[in-house]
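Okay, structure first, notes after.
The values are calculated or read from the model by the stated rules, or taken from the named source; none is laboratory data. The structure presented is a predicted model; accordingly, all values stated were derived computationally and were not measured. Cβ placement follows ideal geometry from the backbone for every residue including glycine, while neighbour counts extend to all protein chains displayed. Accessible surface areas use protein heavy atoms only, side chains included; no ligands, DNA or RNA. Shrake-Rupley method; radii C 1.70, N 1.55, O 1.52, S 1.80 Å.
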Amino acid sequence: QGLTFAVFTKVFAVNEGLVPPHPGLARFFHWMTLERGVVIGLATFGAGLALLAYWFKYWAGTGFGDLEYPYTLRRVIPGATLTALGLQAVLASFFTGILGMSRK
């Protein structure tokens, strides 16, 4: 969230003329379009959901009983993290796209 806030702030400041454009930011936005950001975010979100679904199926196979925490958490935490990061990337892509639009 800190990184996306920094990008949002920089884009807003450049669009409002508060700071001069940064060449690195221009290169980044030349490559990272709204569509690419959404696709990357959805792929990350999907990978996280797939990991969580796999481990939910594993848990169901044990009769929803007790699990070995160290073993299970090492696999569930990456799934939850990827899911959260993917959703955040999709939302950040949309917001950055809106910030990057020029006013008429």
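Give me the distance in nm between label points sitting 7 Å out from Cα along the Cα-to-Cβ direction at A6 and V39, one decimal.
2.7
Full extension from L49 to R75: what is 0.36 nm times the residue separation minus their Cα-Cα distance, to one decimal in nm? Walk me through the numbers on the way to the answer.
Values: separation 26, 0.36 × 26 = 9.36 nm, distance 1.21 nm.
In short, 8.1 nm is gained.
Tell me, what HN-Hα J-couplings in whole Hz come from the Karplus equation 6.51 cos²θ - 1.76 cosθ + 1.60 at θ = phi - 60° for each residue of region 74-87, using x for Gly and Pro?
5, 9, 7, 4, x, x, 5, 5, 5, 4, 5, 5, x, 5
Expressed as a whole number of Å, what is the distance separating the alpha-carbon centroids of region 58-85 and region 1-51?
Cα centroid of region 1-51 versus Cα centroid of region 58-85: 30 Å apart.
Per DSSP H run of at least 4 residues, take -39500 (n - 2.57); add these up for the chain, divide by its residues and hand me the 222 nm value, nearest 500 deg cm²/dmol.
Values: 4 runs with 83 residues, N = 104.
So the helix-based figure for the chain works out to -27500 deg cm²/dmol.
For the chain, build the charge dipole from Cβ charges (+1 Lys, Arg; -1 Asp, Glu) around the Cα centre, then report which of G2, L49, A26 sits farthest towards its positive end.
It is A26.
Show W59, W31 ordered by accessible area, largest first, where the area counts protein heavy atoms only and the probe is 1.4 Å. Walk me through the numbers before you get to the answer.
Numbers: W59 90, W31 135 Å².
I get W31, W59, largest accessible area first.
Note down the accessible area of T4, probe 1.4 Å, to the nearest 10 Å².
Per-residue accessible area (T4): approximately 40 Å².
Of F29, F95, F8, which has the most accessible area with a 1.4 Å probe, and how do the rest follow in descending order?
Values: F29 65, F95 95, F8 40 Å².
Per-residue accessible area, sorted high to low, gives F95, F29, F8.
With log10 I(q)/I(0) by the Debye sum over Cα atoms at q = 0.14 Å⁻¹ as the read-out, I listed (i) -0.52; (ii) -0.58; (iii) -0.65; which label goes with the value calculated from this structure?
Among (i) -0.52; (ii) -0.58; (iii) -0.65, the one calculated here is (iii).
Expressed in nm to one decimal, what extension gain is obtained for the pair M32 and V19 from 0.36 nm per residue of sequence separation less their Cα-Cα distance? Can you show the working numbers first?
Details: separation 13, 0.36 × 13 = 4.68 nm, distance 2.11 nm.
That pair, M32 and V19, stretches by 2.6 nm at full extension.
How big is the accessible area of I40 in square angstrom, nearest 10, if you roll a 1.4 angstrom probe over the protein chains?
80
How high is the relative contact order of the chain, in percent, counting Cα pairs under 8 Å that sit 6 or more residues apart? Show your work: numbers first, answer last.
Numbers: 79 pairs, mean separation 44.5, N = 104.
Relative contact order comes out at 43 percent.
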